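Just below is one structure, and these are the notes that go with it.
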Amino acid sequence: MKICHVAPELLPVPPIKGGAIERWVRDAAVRLAGRGHEMHVISRDRGDAVVTDTIDGVTYHYVAIPGWLDHGRAAALFRGAWYYLAVRRLLSRLTPEIVHHHSRPAGLWLSHPTGSAARLVISLHSMDYGWGFGYRAWDRRWFARGLGMASRVLCVSKFIERHTAERYPGVRESITTVYNGVDCELFKPQAPSPKPPSPQAPVILYVGRVEARKGVQVLVDAFEQRISPRMPQARLRIVGPHSYWDAQPSGYYAAIKARCDANDRLELRGPTYVDAELADVYGDAAVSVVPSTFPEALGLTSIEAQASGTPVVVSDSGGLPETVSPGVSGLVFENGNADQLADAVLSLLESAPRRAAMADAARHWAMQKFSWDTIAAELERVYADVVQDTPEGASPQAMGVSR
């Protein structure tokens with residue numbers, strides 16, 4: 001099949017600075033190309049004036065965003081329209097059989113060429129579908145139109161599936177969940193050293209943006225108040241940027257940094273955007289924690305850690321619980337509850353046999369549930385099904401938009 005993925009207008013693919021959607025698009029395209037499909041990806045430009053490129057068997061087409069349209073209020077209002085009208089012209093030229101959009105249902109209908117026979121699929125990676133207006137009810141007619149045009153609406157978790165079905169009950173019949181994938185060849189347990197390991201302090205790991213909704217303060221509280229007093233040799237390592245978008249660190253980041261600077265058992269590192277380096281970061285950890293206090297759509301870092309043979313402790317927010325086999329590959333704590341978080345981490349650090357068993361189970365769980373071989377095969381089944389569909393649009397009224 002000839003398949004074209006359309007990334008959101010903010011996100012360059014392949015990724016420059018990480019990002020779950022950018023990595024999903026790249027990894028899915030590479031795997032599907034390896035399975036014999038002709039793969040194209042449309043994304044915004046990367047600031048290097050390149051218009052097209054071929055990487056790992058995938059052809060990329062880049063849409064240039066003018067500087068005057070890339071910042072401020074103009075960007076919020078018009079950048080999406082500029083991008084998706086350019087996507088429309090590219091799709092008219094490429095004529096793919098399948099067009100797979102990501103997180104922008106309004107972009108789907110705006111970019112669909114008149115008379116195109118392409119079947120449309122959209123993946124929803126979060127609860128925010130817009131390019132400037134997010135959750136506002138008056139946007140929902142735009143979003144409903146795009147969702148109604150899609151033969152399949154793919155959600156990255158059952159949590160997102162439930163949210164979408166509640167807001168747009170008319171798409172219930174076209175919704176299915178296809179989880180994020182993980183590269184289990186890259187993210188894998190570290191090979192044992194030929195020499196006996198030297199005594200090392202167990203590392204508790206956090207990977208992600210250092211911002212309030214990610215719950216980093218909950219983890220730091222748990223470490224300083226409960227974990228460190230009971231296990232003085234333990235270390236907390238925080239790896240990630242203060243933001244992907246803001247040039248200057250926030251007051252929140254500054255407060256976390258001050259706490260780390262004052263405690264030599266806390267380590268605050270900058271981000272790494274090299275996947276192989278990130279795999280090593282997971283491999284060095286005894287346990288990885290995802291303490292998000294906002295409803296995560298799924299939680300890629302939890303899956304990557306488990307694929308690396310590192311057990312995880314995750315909050316019960318959003319789709320995060322779906323990333324673990326509870327009590328087998330990881331543990332789940334109540335959102336915002338630092339005491340529960342500490343208890344879960346200590347239960348692993350204080351029992352080497354339990355930690356080892358959970359590490360093995362985490363690797364097995366990730367390979368079985370989230371490996372890209374599994375996810376690529378699911379995508380192929382979706383595409384094979386939709387090429388049999390009769391394309392038909394739906395009005396917002398037919399979609400039953402919930403207000």
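The values are calculated or read from the model by the stated rules, or taken from the named source; none is laboratory data. Since this is a predicted model, take the numbers as computed values, not measurements. As a convention, Cβ positions derive from the backbone with ideal geometry for all residues, glycine included, and neighbour counts pool all protein chains shown.
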### Task
List the helices (runs of 4 or more DSSP H) that sit entirely inside region 153-268 and contain at least 1 residues that are assigned by TED's automatic domain parsing to the domain that holds V314.
216-222, 251-261
### Query
Restricting the search to region 314-350, which residues are under 21 Å from the mean Cα position of the chain (by Cα) and either more than 17 Å from I303 (Cα to Cα) or at pLDDT below 95 (or both)?
N335
### Query
Within region 215-265, how many residues turn out to be among the small types (G, A, S) and more than 20 Å from V314 (Cα to Cα)?
8
### Residue in region 351-358 that is modelled with pLDDT of 95 or more, within 25 Å of the chain's Cα centre (by Cα) and surrounded by 14 or more Cβ atoms within 10 Å (Cβ to Cβ) present
yes
### Message
Looking at V51, V63, can you tell me which residue is hydrophobic (A, V, I, L, M, F, W, C) and surrounded by fewer than 16 Cβ atoms within 10 Å (Cβ to Cβ)?
### Response
V51
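Table: residues versus (1) modelled with pLDDT under 90; (2) out of contact with any Ser or Thr (no Cβ under 7 Å at 6 or more places or on another chain); (3) surrounded by 19 or more Cβ atoms within 10 Å (Cβ to Cβ); (4) farther than 28 Å from H364 by Cβ.
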site: H163; (1), (2), (3), (4): no, yes, yes, yes
site: P189; (1), (2), (3), (4): no, no, no, no
site: S198; (1), (2), (3), (4): yes, yes, no, yes
site: Y206; (1), (2), (3), (4): no, yes, yes, no
site: V216; (1), (2), (3), (4): no, yes, yes, yes
site: E224; (1), (2), (3), (4): no, yes, no, yes
site: P232; (1), (2), (3), (4): no, yes, no, yes
site: R235; (1), (2), (3), (4): no, yes, yes, no
site: P249; (1), (2), (3), (4): yes, yes, no, yes
### Message
Could you list, ordered by first residue, the pairs with Cβ atoms under 7 Å in which the first is in region 169-198 and farther than 16 Å from G283 by Cα and the second is assigned to a loop (DSSP other than H, G, I, E, B) and modelled with pLDDT of 95 or more, at least 6 apart or interchain?
### Response
S174/A150; S174/S151; T177/S157; Y179/V156; Y179/S157; Y179/L298; N180/V156; N180/L298
### Query
Quick check, is V274 free of Cβ contacts under 8 Å to residues at least 40 places away in the same chain and closer than 19 Å to E350 by Cα?
no
### Task
Say whether the condition of being at pLDDT below 95 and of a type in the set (D, E, K, R) is met by at least one residue in region 117-130.
yes
### Message
When the residues of region 318-334 are narrowed to those that are assigned to a loop (DSSP other than H, G, I, E, B) and free of Cβ contacts under 8 Å to residues at least 60 places away in the same chain, which ends up farthest from V281 (Cα to Cα)?
### Response
E334
### Query
Only one of these conditions is not met by A377: (1) within 23 Å of A29 (Cα to Cα); (2) buried (at least 22 other Cβ atoms within 10 Å of the Cβ). Which number is it?
(2)
